[in-house]
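To start, the structure itself, in structure tokens.
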Amino acid sequence: MNTNAQVAQYASFAEISPAALRRHGAWDAVLRNATRSAALTVLIVLGGVIVALVNGSLPALRHYGLGFLTSTAWNPVTEKFGALPAVYGTVVTSLIAMLIGIPVSLGVAIFITELCPVWLKRPIGTAIELLAGIPSIIYGIWGLFVLAPFLQRDVQPLLISAFAPVPLLSHLFAGPPYGIGVLTAGIILSIMVLPYITSVTRDVFETVPAVLKESAYGLGCTTWEVVRNVVLPYTRVGVIGGIMLGLGRALGETMAVTFVIGNAHKIASSILAPGTTISATIANEFSEAEGDLYTSSLILLGLILFVITFIVLAAARYLLLRLETQAKA
Amino acid sequence: MKAPKTIWRSLVAGAALSVPAAFAADISGAGATFPYPIYSKWAAAYKDKSGIGLNYQSIGSGGGIKQIKAKTVTFGASDKPLEAKELDEAGLTQFPAIVGGVVPVINLKGIHPGDLVLDGPTVADIFLGKVKAWNDPEIKKLNPKLALPSTLVAVVHRSDGSGTSFLFTSYLSQNSPEWKDKVGAATAVDWPTGVGAKGNEGVAAIASQTDGAIGYVEYAYAKQNKMTFTSMVNKDGKILAPSIEAFQAAAANADWAHAPAFYLVLTNQPGAASWPITGASFILVYKKSDDAAAELEALKFYDWAFKNGQKLASDLDYVPLPASVVDLIEASWKANIADASGSPLWK
């Protein structure tokens, strides 16, 4: 606490009138309080969501216990519910999305920052950003009416016959080609996560000092060697951040997946078979769910998705932390 | 300084004009998506006539039941009737408002709408995954003259909970003990086989893209999209194609008078001309509403729709209720719905 005398003294040092100083102080307080309450709002909303999810899922938790996580049943008639098929579908579709999405995104980002002629940079960058702006329902409709028939007619029969003689893969690519299914959902998701990973990685690639890259080229490195040994090590924290952003989107994506995954509460060995994800199940069934146990089971699924997303984010944080300490050492 | 005064005047005038509108509040309802197109068409015509609008949110039957129980709307709408016990517990009463039909649709090259004949047990076996190919003896037996391919059957069902699925699975439960035992009837069930698609449009899209597919959609949807529907063998053993008349026959032949609280699923009704997978969509209101005036407006709206809305319903391929059923409904209003003083609300 400053006394008035001190305030006057400070003011005379800086040749500012005490009134102006007080005014500045008041404005600072206003700004501090406004931003703090904005930050607190986020925490309150998050806390509210967690409380609501836990509260809503209590009936199902009490009834099924932890068996909910391992049960594969989903029968609204007998009210037997389990999360495993939906969790499995969520993880597998996101995994497929990452398998396809990460190499393509990194490829695009490397091309834009290292190899692309200047006049082409803008169009490709804009195209990627437009991809992020397409609503997910459009991806869903496109997936159902364009991608699924194409996969059904031209791709899946080929995959099935090509892998039929291979021992393990024959199970992975088995069954009638429906066109929709786990693989189709994974492909759609990979397109949807592409702009997120690409734009983040492109931005961090551009932060690599030109001096570093030019020295490497000067030593006779190829472009690949520059990317591999200079750009990627310099930017790995940002790249992993971008990938996690994409993974978060893939885990939670609802509408597009609902359209193309086939919505079957089953775990099939084949990725051509229909499956389901947590968010697709909730979107499909919440509005017509009757009875407390059914509704509560759907909310419990939501809570599980929340926990999965939290684990992914926490793992990413941990990874980044380790990378940073390594870099310092 | 003249302009602000004018603004004030017009504001005051506007407020004065809007007062009468505040008295004629809109009717609010929420629920089933299946009847939404006809309710909104009726609402538009009714507003032209009476000045009273209808605010109907098609959030699904489950949502409609929840909203009327929470008293946030004047009426709830559900494709699945509530049982008398549940109605009594909540102080609700229900009545049917519109009838529609569900038809199986297929995608087989060279087979035209109505060509293929199916019956209840066969459809159940197909959806159980027991009939795997289109030239299965069970299908051949019903279609001796049709050249059926050996194409594999691809089953498509609704993935979202829906009244359409409820009617379809109710019908299968009535015709196949195995279906009743293993799967049962509900707006969403544990489907033994096939892929799930969202909405009528999703089922239609996958069925039309997949050779050998069989699914089920609302009749209006099949007709407007020129899909290949099948003929069915009904309870009386007659083969018939789906039509407005066939749905209406099922609604008329049903024994409404002896159904407590109109609890009646119209599947598998008797009568030579009755389409076997027919269903009514229901309206839920309070027996003694906190806002009797609003409920009376809702009843007036349905009374008007029953008597003047047949043409609009048929235009959209819905089936208006037969006059005999409308009389039963209005008699039940008199008997069951009371105003604050306890005397009948509907006179």
**Report entry** Unmet criterion (only one of (1) hydrophobic (A, V, I, L, M, F, W, C); (2) out of contact with any strand residue (DSSP E or B) (no Cβ under 8 Å at 6 or more places or on another chain); (3) within 19 Å of B:ALA188 (Cα to Cα); (4) at pLDDT 90 or above) for A:LEU251
**Finding:** (3)
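Which is in contact with a Phe, Trp or Tyr (Cβ under 7 Å, 6 or more places away or on another chain), surrounded by 13 or more Cβ atoms within 10 Å (Cβ to Cβ) and within 14 Å of chain B (Cβ to nearest Cβ), of A:ALA83, A:ALA60, A:ALA73? Steps first, answer last, please.
Working: A:ALA83 fails: within 14 Å of chain B (Cβ to nearest Cβ); A:ALA60 fails: within 14 Å of chain B (Cβ to nearest Cβ).
Checking each option against the conditions leaves just A:ALA73.
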Query raised in the report: Name the residues in the stretch B:252-278 that are in contact with a helix residue (DSSP H, G or I) (Cβ under 8 Å, 6 or more places away or on another chain) and in a helix (DSSP H, G or I), would you?
Result: B:ALA252, B:TRP256, B:ALA257, B:PRO260, B:ALA261, B:PHE262
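Okay, residues lined up against (1) acidic (Asp, Glu); (2) at pLDDT below 80; (3) at positive phi:
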{"position": "B:PRO4", "(1), (2), (3)": "no, yes, no"}
{"position": "B:TYR36", "(1), (2), (3)": "no, no, no"}
{"position": "B:THR74", "(1), (2), (3)": "no, no, no"}
{"position": "B:ASP79", "(1), (2), (3)": "yes, no, no"}
{"position": "B:LEU82", "(1), (2), (3)": "no, no, no"}
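Is it the case, given these coordinates, that B:GLU89 is more than 30 Å from B:LYS223 (Cα to Cα), touching a residue at least 24 places away in the same chain (Cβ under 8 Å) and either within 14 Å of another protein chain (Cβ to nearest Cβ) or not basic (Lys, Arg) (or both)?
On the way: more than 30 Å from B:LYS223 (Cα to Cα): yes; touching a residue at least 24 places away in the same chain (Cβ under 8 Å): no; either within 14 Å of another protein chain (Cβ to nearest Cβ) or not basic (Lys, Arg) (or both): yes.
No: the conditions fail for B:GLU89.
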Query raised in the report: Do you know which of the residues in the stretch A:151-177 that are at pLDDT 85 or above and within 10 Å of another protein chain (Cβ to nearest Cβ) is surrounded by the fewest Cβ atoms within 10 Å (Cβ to Cβ)?
Result: A:ARG153
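In the stretch A:176-207, which residues are more than 30 Å from B:VAL203 (Cα to Cα) and free of Cβ contacts under 8 Å to residues at least 60 places away in the same chain?
A:VAL200, A:ASP203, A:VAL204, A:THR207
For A:THR222, indicate whether it is of a type in the set (Val, Ile, Thr) and either within 14 Å of chain B (Cβ to nearest Cβ) or surrounded by 20 or more Cβ atoms within 10 Å (Cβ to Cβ) (or both). So that I can check it myself, show each step before the final result.
Numbers: of a type in the set (Val, Ile, Thr): yes; either within 14 Å of chain B (Cβ to nearest Cβ) or surrounded by 20 or more Cβ atoms within 10 Å (Cβ to Cβ) (or both): no.
Taking the combined requirement at face value, the residue does not satisfy it.
Filter the stretch B:39-73 down to the residues that are closer than 23 Å to B:LEU316 by Cα and more than 20 Å from the chain's Cα centre (by Cα) and list them by number.
From the stretch B:39-73, those closer than 23 Å to B:LEU316 by Cα are B:39-50, B:52-61, B:64; that's our starting set.
Across the stretch B:39-73, the qualifying residues are B:ALA45, B:TYR46, B:LYS47, B:ASP48, B:LYS49, B:SER50, B:ILE52, B:GLY53.
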Query raised in the report: If you go through the stretch A:225-255, how many residues are surrounded by 22 or more Cβ atoms within 10 Å (Cβ to Cβ) and not in a helix (DSSP H, G or I)?
Result: 1
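Could you grab me the full set of residues in the stretch A:280-300 that are over 24 Å from A:PHE259 (Cβ atoms) and either facing another protein chain (nearest Cβ under 7 Å) or in a loop (DSSP other than H, G, I, E, B) (or both)? Steps first, answer last, please.
If we filter the stretch A:280-300 for residues that are over 24 Å from A:PHE259 (Cβ atoms), which is where we start, we get A:290-293, A:296, A:300.
Selection gives A:GLU290, A:GLY291.
For the stretch B:304-326, give me the residue count where each residue is small (Gly, Ala, Ser) and modelled with pLDDT under 90.
Of the stretch B:304-326, the ones small (Gly, Ala, Ser) are B:305, B:309, B:313-314, B:323-324.
Subsequent filtering for residues that are modelled with pLDDT under 90 retains B:314, B:323-324.
The qualifying residues number 3.
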Report summary line: Here the residues within the stretch A:268-307 that are within 24 Å of the chain's Cα centre (by Cα) and among the aromatic types (Phe, Trp, Tyr) are A:PHE286, A:PHE306
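Would you list the helices (runs of 4 or more DSSP H) that sit entirely within the stretch B:142-251 and hold 1 or more residues that are among the aromatic types (Phe, Trp, Tyr) and away from chain A (no Cβ under 14 Å)? Spell out how you get there, then give the answer.
On the way: elements: B:163-175, B:177-182, B:199-209, B:219-224.
Where helices (runs of 4 or more DSSP H) fall fully within the stretch B:142-251 and carry at least 1 residues being among the aromatic types (Phe, Trp, Tyr) and away from chain A (no Cβ under 14 Å), they are B:163-175, B:219-224.
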Query raised in the report: Looking at (1) in the same structural domain as B:TRP191 (by TED's automatic domain parsing); (2) surrounded by 16 or more Cβ atoms within 10 Å (Cβ to Cβ); (3) over 30 Å from A:PHE259 (Cβ atoms); (4) in contact with a Gly (Cβ under 9 Å, 6 or more places away or on another chain), can you tell me which one B:ALA220 breaks?
Result: (3)
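Would you say B:LEU312 is in a loop (DSSP other than H, G, I, E, B), out of contact with any Leu (no Cβ under 7 Å at 6 or more places or on another chain) and either surrounded by fewer than 16 Cβ atoms within 10 Å (Cβ to Cβ) or not small (Gly, Ala, Ser) (or both)?
On the way: in a loop (DSSP other than H, G, I, E, B): no; out of contact with any Leu (no Cβ under 7 Å at 6 or more places or on another chain): yes; either surrounded by fewer than 16 Cβ atoms within 10 Å (Cβ to Cβ) or not small (Gly, Ala, Ser) (or both): yes.
So B:LEU312 fails the test.
What residue, among those in the stretch B:34-75 that are among the polar types (S, T, N, Q) and touching a strand residue (DSSP E or B) at 6+ places or on another chain (Cβ under 9 Å), is nearest to the other protein chains (Cβ to nearest Cβ)?
Keep residues of the stretch B:34-75 that are among the polar types (S, T, N, Q), which gives B:40, B:50, B:55, B:57-58, B:61, B:67, B:72, B:74.
With touching a strand residue (DSSP E or B) at 6+ places or on another chain (Cβ under 9 Å) added as a condition, the list becomes B:40, B:55, B:57-58, B:61, B:67, B:72, B:74.
Details: B:SER40: 18, B:ASN55: 18, B:GLN57: 11, B:SER58: 10, B:SER61: 6, B:GLN67: 11, B:THR72: 15, B:THR74: 20 Å.
If we take residues in the stretch B:34-75 being among the polar types (S, T, N, Q) and touching a strand residue (DSSP E or B) at 6+ places or on another chain (Cβ under 9 Å), then B:SER61 is nearest to the other protein chains (Cβ to nearest Cβ).
Looking only at the stretch B:55-70, count every residue that is of a type in the set (D, E, K, R) and either surrounded by fewer than 19 Cβ atoms within 10 Å (Cβ to Cβ) or not assigned by TED's automatic domain parsing to the domain that holds B:SER28 (or both) and tell me the total. It would help to see each step written out before you state the result.
Filtering the stretch B:55-70 for residues of a type in the set (D, E, K, R) gives B:66, B:69.
Narrowing further to those that are either surrounded by fewer than 19 Cβ atoms within 10 Å (Cβ to Cβ) or not assigned by TED's automatic domain parsing to the domain that holds B:SER28 (or both): B:69.
Of the residues in the stretch B:55-70, 1 are of a type in the set (D, E, K, R) and either surrounded by fewer than 19 Cβ atoms within 10 Å (Cβ to Cβ) or not assigned by TED's automatic domain parsing to the domain that holds B:SER28 (or both).
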Requested in this report: Considering (1) within 15 Å of the chain's Cα centre (by Cα); (2) assigned to a loop (DSSP other than H, G, I, E, B); (3) among the basic types (Lys, Arg), say which one A:ARG317 fails and leave the rest.
Outcome: (2)
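Do we have any residue at all in the stretch A:114-132 that's within 25 Å of A:THR207 (Cα to Cα), small (Gly, Ala, Ser) and surrounded by 20 or more Cβ atoms within 10 Å (Cβ to Cβ)? Outline the logic, then answer.
We begin by selecting, within the stretch A:114-132, every residue within 25 Å of A:THR207 (Cα to Cα); these are A:114-132.
In the following step, the residues that additionally are small (Gly, Ala, Ser) were identified as A:125, A:127, A:132.
Cutting the leftovers down to surrounded by 20 or more Cβ atoms within 10 Å (Cβ to Cβ) gives us none.
Looking for residues that are within 25 Å of A:THR207 (Cα to Cα), small (Gly, Ala, Ser) and surrounded by 20 or more Cβ atoms within 10 Å (Cβ to Cβ), one finds none in the stretch A:114-132, hence no.
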Requested in this report: Specify the residue that is farthest from A:VAL91 (Cα to Cα); the eligible residues are those in the stretch A:256-267 that are facing another protein chain (nearest Cβ under 9 Å) and assigned to a helix (DSSP H, G or I).
Outcome: A:PHE259
Requested in this report: Please go through the stretch A:268-279 and pick out each residue that is more than 11 Å from chain B (Cβ to nearest Cβ), among the hydroxyl-bearing types (Ser, Thr, Tyr) and either within 16 Å of B:ASP190 (Cα to Cα) or surrounded by 22 or more Cβ atoms within 10 Å (Cβ to Cβ) (or both).
Outcome: A:THR277
Query raised in the report: Is it the case that some residue within the stretch B:270-279 is surrounded by fewer than 20 Cβ atoms within 10 Å (Cβ to Cβ), farther than 22 Å from B:ASP125 by Cα, in the same structural domain as B:LEU167 (by TED's automatic domain parsing) and not acidic (Asp, Glu)?
Result: no
Query raised in the report: Here is a list of conditions, (1) on the phi < 0 side of the Ramachandran plot; (2) at pLDDT 90 or above; (3) more than 16 Å from the chain's Cα centre (by Cα), and B:ALA250 meets all of them except one; can you say which number that is?
Result: (3)
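Would you call A:THR201 closer than 30 Å to A:ASN75 by Cβ and part of a helix (DSSP H, G or I)?
On the way: closer than 30 Å to A:ASN75 by Cβ: no; part of a helix (DSSP H, G or I): yes.
When the stated conditions are applied, A:THR201 does not pass them.
The values are calculated or read from the model by the stated rules, or taken from the named source; none is laboratory data. It should be emphasised that the depicted structure is a prediction, and the values quoted were computed from it without experimental measurement. Because the Cβ atoms are built from the backbone with ideal geometry, glycine has one as well, and the counts that use them run over all protein chains shown.
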